[in-house]
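Heads up: the structure comes next, in structure tokens.
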Amino acid sequence: DERLILQFQITLYGDDERLLMARDITRLHRLEEMRRDFVANVSHELRTPLTVLTGYLETYHDLVEGLPPRLVRGLSRMQEQTTRMQNLVNDLLLLSRLEIDQGGDDHAPLAMDTLLESVRRDAEALSAGRQRITVEVEETRRLIGSEQEIRSAISNLAFNAVRYTPEGCRVTLRWRPHPQGACLEVEDDGDGIDPVHLPRLTERFYRVDKGRSAASGGTGLGLAIVKHVLLRHDARLEIDSRPGHGALFRCVFPAARLAAPAAVAPASPR
Ligand code: ADP
């Protein structure tokens with residue numbers, strides 16, 4: 001019961017001529033599925049050994065007293081690198097899950113003010129006072145979506161804004177109305193991104209500045225995750241940035257994705 005997957009292309013010539021082309025992409029599709037499954041399996045298999053490694057490193061961390069400084073430095077480098085590997089494996093796993101299953105099972109109306117506030121606190125911990133991070137909520141309707149996925153999308157955007165802006169910058173997390181529905185924005189007034197990079201920014205492991213990004217603690221998968229989360233919520237990502245003028249990442253959600261504000265419990269009579 002082999003499924004056949006065809007891709008059609010219609011080309012118009014003048015007013016009344018059409019060219020229809022059909023291409024059999026069954027094999028290509030199968031290969032793509034194999035690639036996804038492979039990445040998911042490898043990431044999954046890497047988790048256990050990494051957990052064991054981290055466990056040992058944590059134990060040794062408590063026993064370093066009196067050891068030669070070179071060994072202590074080595075241990076702490078090993079700890080840093082295993083954490084980095086764990087983040088990478090977790091992001092790869094998340095990305096494959098987003099690609100493989102349809103999602104939608106856990107969709108519910110989300111209180112965006114609470115969600116943004118909670119992401120703000122996490123971003124503030126990462127920023128450690130280097131940036132000023134604020135939340136603006138101008139839209140009362142709630143977004144219907146997966147809390148876990150939406151949180152991971154906003155976090156990735158907010159953490160990027162913290163990682164790639166210099167000290168003293170401002171970062172704003174915003175939920176506001178949009179002509180097509182509502183939008184979630186993460187804006188910073190940092191150095192911005194050269195427009196030549198914008199079309200490729202959401203590709204896996206695409207980085208503007210290799211060295212700086214690797215040192216920043218990112219995995220190179222952040223914006224790819226954002227893109228997939230948005231696809232699953234019928235939303236699109238717009239990136240607006242100019243060098244020297246900061247960056248604005250806007251996620252536009254259609255009206256069909258919005259729910260009325262949560263009912264406020266009536267004040268109890270005195
Ligand atoms: P990572 O941050 O792990 O490298 P991402 O996919 O999250 O991967 O981001 C891709 C690249 O986009 C980053 O390496 C960085 O160069 C650039 N970038 C993302 N957000 C910003 C921002 N707010 N300001 C400037 N550059 C950014």
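Things worth noting here:
- GNM flexibility winner over the chain from D37, D91, D15 (Cα, springs under 10 Å): D15
- A simple charge model with +1 on the Cβ of Lys and Arg, -1 on the Cβ of Asp and Glu and nothing else charged puts the dipole of the chain at about 520 debye relative to its Cα centre.
- Amide hydrogen neighbours beyond the local backbone of E136, cut-off 5 Å, H modeled: L173, R174, W175
- Within the accessible area of the chain, the carbon and sulfur atoms contribute 54%, probe 1.4 Å, all protein chains present.
- Among 139-149, 232-242, the order from most to least packed when residues are scored by Cβ within 10 Å on average: 139-149, 232-242
- If you run the Gaussian network model on the chain, springs between alpha carbon atoms under 10 Å, then out of I25, I133, I150 the most flexible one is I25.
- Region 69-146 and region 200-270 have Cα centres separated by 11 Å.
- Cβ-derived FRET efficiency at R0 30 Å, V42 paired with E2, nearest 0.05: 0.65
- Kyte-Doolittle at least -0.5, axis length at least 24 Å by Cα - qualifying DSSP helices, the chain: 69-100
- Around the Cα centre of region 108-230, unit charges on the Cβ atoms of Lys, Arg, Asp and Glu (plus for the first two, minus for the last two) sum to a dipole of about 320 debye.
- Taking all protein chains into account, the per residue accessible area for region 75-201 stands at 50 Å² (1.4 Å probe).
- Couplings for region 186-199, taken from phi via the Karplus curve 6.51 cos²θ - 1.76 cosθ + 1.60 with θ = phi - 60°, read 10, 10, 9, 10, x, 6, x, 10, 5, x, 4, 7, 3, x Hz in order; Gly and Pro are left as x.
- The relative contact order of the chain comes to 16 percent, based on Cα pairs under 8 Å that sit 6 or more residues apart.
- Using just its DSSP H runs of length 4 or more, each adding -39500 (n - 2.57), the chain gives a mean residue ellipticity at 222 nm of -15000 deg cm²/dmol after division by all residues.
- The H on the amide N of I25, modeled in the peptide plane, is under 5 Å from the matching H of I5, L6, Q7, each at least 5 residues off or on a different chain.
- Rounded if a/c under 1.5, otherwise prolate or oblate - region 113-270, Cα gyration tensor axes: prolate
- Two-site label geometry, A125 and D209: point separation in nm, points 7 Å out along Cα→Cβ: 2.7
- Extent along principal axes [Cα atoms of region 90-170; Å; largest to smallest]: 41, 33, 14
- Ordering G181, L57, C251 by the projection of their Cα atoms onto the charge dipole of the chain, which places +1 on the Cβ of Lys and Arg and -1 on the Cβ of Asp and Glu, puts L57 at the extreme positive end.
- Dipole of the chain computed with +1 at Lys/Arg Cβ and -1 at Asp/Glu Cβ about the Cα centre; of A22, S146, P69, farthest Cα towards the positive end is P69.
- Cα Rg, Dmax (largest Cα-Cα span) when computed across the chain, Å: 22.7, 85
The values are calculated or read from the model by the stated rules, or taken from the named source; none is laboratory data. Owing to the predicted nature of the structure, the values given are computational and were not obtained by experimental measurement. Methodologically, a virtual Cβ is constructed for each residue, glycine included, from the backbone with ideal geometry; neighbour enumeration extends over all protein chains shown. The area values use the complete protein model at the heavy-atom level, side chains included, leaving out ligands, DNA and RNA. Shrake-Rupley method; radii C 1.70, N 1.55, O 1.52, S 1.80 Å.
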